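In what follows, a structure is listed as C-alpha cells, so that the remarks can point back to it.
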Amino acid sequence: MNAEEIQSFCIAGTDAYLAFLIENNRGVERIRVIRKEALPPHTNPVFKLTLAGRLFDPDCVSLELRPPSRTYGPDFFRVVEYDSDAKILIIELMNPELALDATPADELWIVSDLRFLVRNVKRWYASNGHRLLLPQRSSAISGPGLPTHGQETTTPLESCQREAVSNALGNTLTYVWGPPGTGKTRHVLTQASLQLLLSRKRIGLFAPTNNALEQAMTAILNAAESAEITRDKFLRVGHPSTKFATSFPEVCEVHGLERRVSEMKRQIGIYEAVLHHRRGAIVLNSVATLRHEIGTLQNLLRERRKTYEELARIRSSLWSRAVHLLDGRVRSLNDGLALLETQINGSLEMIRRTQTESPKLNAILERIDFTTIAQVEGDVTTLESATRQYVEVNQALADAYKGHTNEELHRLITDLRAQLETLAAQTVLERIKSAWVTGLTLDCFIGRFHDTLLPFDHIFMDEAAYAPLVKALTLCRGDIPLTFIGDHRQLGPVCEMNDENLNVAANGAANVWRKSSLFLDEVFMADNQGALVTQLSALSEPGLNSFVRANLNKTFRFGQNLADLLSTHVYRGLALVSADEHQDLEIICLNAAPSDGADLPRQSHAELEAISSFLRARMELEPESEEAFAILTPYKAQVSLLGNSLAEARRQGRIMTVHKSQGREWDTVILSVVDGRFNRPWFSDSTNQKSGGLHVINTAVSRARKRLVIACDESFWVNSDRSMQLIFQLLRVRNEPARP
C-alpha cells in the first residue's frame, strides 16, 4: 500500500478503536490521591501526590476535585516527575485558579484518560500519514567492533551479539530478537549506540513505556560514561521517574534546565548577599546617627511638654486674675514654645527626608510624626537588630568577595540574569537538535512532535513486541534506519478490543492497535486495505519479511534447565544456551489446592494463604531491596485479593499483573496462577492462542533471575492430560534432580 492508503487505514482503525472505548465506557480511569505534600516551590507551588494506583502514562492526566466535581487539565498544572513504583506524582501548579493548599487529599483524584492518547494518534496521521515510507538507507557503519577510542571500555560481546550489532548498523530495517537475559539492551543496543555516537551520529531512542525507555537510557549512559561521552549529549524527553531524575538530573528535559537555573539563581543570590552585606554595614552607621537625631527630637518634645504644663499651671492658678502681673513670665514661655515648635518641625522634616541604603529604613522614617515617634524608634531598633545579625552571618561571604567592587558585582548579576533569560527561551526542540541521544516514549513523540521531523540519524525501539503497530508506524518518516529490539514470544500490546470485537467487519482496521510493531512491513507490503485486514487477522506471529533478523540465544538470566525447557516449548528452533549451566533456576511449587468453589472468578484464597506463609518463612528475601521479589498473577481480581491481605507488599509495589511486569526482573518471582479445577484456564493456558497464554506465562517466568515460586492447584496442573502446558513442564523440571 502507498502512504495515503496507510494513512487512511490507520485513521479508520483509530476511529474504530476510539468509538469502542467510548461506547463501552473504557479508557478513562480515576485514581484516588491518598496523600498530599507541599514541596518547596521553584517558581510556582509544587505538590507531591501519592496515588492509590499506577498511571498508564503521565502525559494524559488531569486533576479532579470533589466536591465540587471540577476537572483541571494541562493548562492548570504540569507533571514534574512520576514514579511508577512508588506511585508518586509531582506536579507544579501553573494557574492560580487551581489552589491545593486547603484541599485535603481525599478530595483529589487523578484522571488517566487513555482516549487522549488515541486522539493524539489520529491527529498525527492526519498531519503526517501521507509521508510514511520504509527506510531506504542504513547508518553506513560496518564492522562488529568499536572504534579504537572506546575499545578498552566495552564488555566483550558474544558472537551472536556482535552479529546483531553489525546487522543493526549495516541495514535499513533490523529486528534483534532474543529471550530475556540475552543482552538485547545491555549489550547489543549499547554497543551499537556507542559506535554511532563515536561516529557523531544522532540517535532517537524509543520505547512503549517509561520503564523500558529509562532502562535502555541507563544502559547507554553507563556505557557512554566509560567511553568518556559526557551526559550533556543526552536528553530524556517527557516525565522521568524519581529514580532516573535523581541519577541523571542533567539528562532530563526539565531537571537539566532546572539544575542549571538553580545554580545560576544561587550564584546571583550570593552576589546579592555580598551587596546586601555592604549596604547593611552602611545602614548600621546611618542607624547610629538617626538614633542620635531621634533622641534629640524626643528631648525637644519633652521640653515642649514641660512648657505646656507650666503654662497650664499658671493659667489655672488664683493669680491668673492678676494676669497683668505675670505677663512677662507667660510671654517668655510662649516665646520658648514657639522656638521648640520650630526646632521639632525641623528635626521631623530632616528625619523624614533622610535617605539611607535601606529602603525599609527609609519607609519607616517617612511615616514619623508627633504621634508615631515611639513606634518608629521601635521599628528602627528591630531593623537594626536584624541587619546586625545578617551582617554577622554573611561576614565570611563578604570577605571572600572583598576584591570585587560593587560595579563588578552588579555586572556579574546582570550577565547571569541574561543567561537565565536565554535558558528560559530554550525550547525542547533546540535541545534535541544539540543532543546526541534523545529518548522518548512513543506516546510522548506522537503527542508533542506531530508537526516536527526530529533530526535523527538512526532510530532504536526497545521492547518492540510490546509497542502497538499503529504507534510504531509513526517512526517511518524521514528515511531514518530503524532497529527494533524485543521478543515477540512475550506479551504483545495492551488493547481493549479482543478477537470477537476485531472480527466485526467495521472494526478490521483496528488490528493496528492489537498487533505489535513487528508487523510493520506487512502494512507496506499489502496490496490493499482489505488484504491487510485479512493478513493481520490471520498472522499470530510477525512474518518479518523485510527485516534483517539477528537472533540471540545465549542467556545470562537463567540456567540450562529453564533454557532447555523454553527452547522446546517457547523458543522452538532457537536452542537457548545458558551462560552458566551450573546455576539452574530454582523452581518451587506452593501447593494451593482449593477446598471448594467459593472463590470469586479469577481469585484464589488458597494461593493467597500459601504465598503469605511462604513470605513469612523467607525473611532472606530482603523486602527493603527493590529487586528482591515480586508477586505476579495474570488476573486483576487476584491482584486486588493479594493486595488487601499483603498490605506491605502492596505498598512497596510488589503485587501486579504479569502485563505490568513487562521489562522488569526480580531475584524471586512468585506466580499466582489462580486457574485450576474451579477456574477454567485462560491466561494460564499456554496452548490457547486467543488468550496468548504462552506469552503470558513465558513473560512471568522470564522475570525471575534466581528463583521462581509457582502457587497453584498442583494436582490439577501435574495431570498428564496437561503435559503440553508450560506450567506442567515447569513443575516437571522442578521435580528433576539438580544438575551436577
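Readers should treat all values here as calculations from the given coordinates under stated rules, not as data from a laboratory. Just so we're clear, the structure is a prediction, and the values are computed from it rather than from any experiment. Because the Cβ atoms are built from the backbone with ideal geometry, glycine has one as well, and the counts that use them run over all protein chains shown.
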- Once Lys and Arg are counted +1 and Asp and Glu -1 for all other residues with Cβ under 12 Å from that of R70, the total becomes -2
- Task: With just the Cα atoms of the stretch 150-300, tell me how far they stretch along each of the three principal axes, in Å, largest first.
- Result: 99, 31, 25
- Amide hydrogen neighbours beyond the local backbone of C589, cut-off 5 Å, H modeled: I710
- Item | Gain upon complete extension [A38, D499; 0.36 nm per residue less C-alpha separation] | 161.3 nm
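Under 9 Å from the Cβ of P208, count the other residues' Cβ atoms, weight Lys and Arg +1, Asp and Glu -1, and hand me the total. Could the numbers behind the result be given before it?
Working: positive: K471; negative: D443, D462, E463.
Neighbour charge sum, excluding P208 itself: -2.
If each DSSP helix of 4+ residues adds -39,500 (n - 2.57) and the sum is divided by the residues in the chain, what number results at 222 nm, nearest 500 deg cm²/dmol? Could the numbers behind the result be given before it?
Numbers: 27 runs with 334 residues, N = 740.
Mean residue ellipticity at 222 nm (helix-derived): -14000 deg cm²/dmol.
Which whole-number percent of Cα pairs in the stretch 500-566 have a distance greater than 13 Å?
Details: 1538 of 2211 pairs.
I get 70 percent for the Cα pairs in the stretch 500-566 exceeding 13 Å.
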- Message: In the stretch 35-64, whose amide N lies under 14 Å from the spot 7 Å out along Cα-to-Cβ of R70? List them in ranges.
- Response: 63-64
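Would the stretch 530-610 count as rounded, prolate or oblate if I go by the C-alpha gyration tensor, calling it rounded below 1.5 in a/c and otherwise prolate when a/b exceeds b/c, oblate otherwise? Please report the intermediate quantities before stating the final value.
Working: a/c = 4.23, a/b = 1.28, b/c = 3.30.
Note, shape of the stretch 530-610 comes out oblate.
Can you tell me the relative contact order of the stretch 3-131? Whole percent, Cα pairs under 8 Å, sequence separation 6 or more.
36
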- How many angstrom separate the Cα center of the stretch 560-597 from the Cα center of the stretch 485-503? 24
- Message: Relative contact order of the chain, please, whole-number percent, based on alpha carbon pairs below 8 angstrom and at least 6 residues apart.
- Response: 16
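Can you tell me, using C-alpha contacts under 8 Å and at least 6 residues apart, the relative contact order of the stretch 260-400 as a whole percent?
40
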- Item | Coarse-grained scattering of the stretch 268-309 at q = 0.20, 0.32, 0.35 Å⁻¹, given as base-10 log I(q)/I(0) from a Debye sum over alpha-carbon atoms | -0.67, -0.94, -1.00
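How large is the convex hull of the C-alpha atoms of the stretch 3-131 per residue, in Å³? Could the numbers behind the result be given before it?
On the way: hull volume 16.7 nm³, N = 129.
In the stretch 3-131, the Cα hull volume divided by residue count equals 129 Å³.
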- For the chain, share of DSSP beta bridges that run antiparallel, in % to the nearest 5: 40
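Could you state, as a whole-number percent, how many of the C-alpha pairs of the stretch 260-400 are farther apart than 21 Å? Before the final figure, lay out each step's value.
On the way: 5753 of 9870 pairs.
For the stretch 260-400, the fraction of Cα-Cα distances above 21 Å is 58 percent.
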- Query: Packing-wise, with mean Cβ within 10 Å as the measure, how do 526-533, 86-93, 212-219 rank, highest first?
  - Reply: 212-219, 86-93, 526-533
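Between N688 and E23, what FRET efficiency follows from the Cβ-Cβ distance if R0 is 22 Å, with the result rounded to 0.05? Don't jump to the answer; show the numbers that get you there.
Values: r = 27 Å, r/R0 = 1.23.
After rounding to 0.05, the efficiency reads 0.25.
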- Label E609 and D85 with points 7 Å out from Cα along Cα→Cβ: what is the distance between them in nm? 3.4
- Taking the Cα centre of each part, how many Å lie between the stretch 509-536 and the stretch 213-249? 35
- Can you pull the Kirkwood radius for the chain, inverse mean 1/r over Cα pairs, to one decimal in Å? 30.9
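From the C-alpha gyration tensor of the stretch 65-209, pull out the three semi-axes of the equivalent ellipsoid (sqrt of 5λ each), sorted largest to smallest, in whole Å.
On the way: eigenvalues 393, 87, 41 Å².
Sorted largest first and rounded, they come to 44, 21, 14 Å.
Add +1 for every Lys or Arg and -1 for every Asp or Glu among the other residues with Cβ under 10 Å from the Cβ of G181, and state the total. Numbers along the way, then the final one.
Numbers: positive: K184, R186, K554, R557, R705; negative: E665.
Net charge around G181: +4.
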- Using the Karplus equation 6.51 cos²θ - 1.76 cosθ + 1.60 (θ = phi - 60°), what ³J(HN,Hα) coupling, rounded to whole Hz, does each residue of the stretch 237-253 give in order, writing x for Gly and Pro? 8, x, 9, x, 6, 4, 4, 5, 5, 6, 6, 9, x, 6, 7, 6, 3
- Task: Starting from the Cα-Cα distance between E430 and D451, subtract it from 0.36 nm times their residue separation and give me the gain in nm to one decimal.
- Result: 6.1 nm
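What does the extension gain come out to for D721 and T230, with contour length at 0.36 nm per residue minus their alpha carbon separation? Walk me through the intermediate numbers first.
On the way: separation 491, 0.36 × 491 = 176.76 nm, distance 5.81 nm.
Taking D721 through T230 to full extension adds about 170.9 nm, to one decimal.
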- Note on the structure: The set of residues whose placed amide H lies less than 5 Å from the amide H of K554, leaving out same-chain residues fewer than 5 positions away, is V577
- Which residues qualify? For C495, with a placed amide H closer than 5 Å and at least 5 residues away or on another chain, they are none
- Rounded, prolate or oblate (a/c below 1.5 giving rounded, otherwise prolate when a/b exceeds b/c) for the stretch 580-735 by Cα gyration tensor: rounded
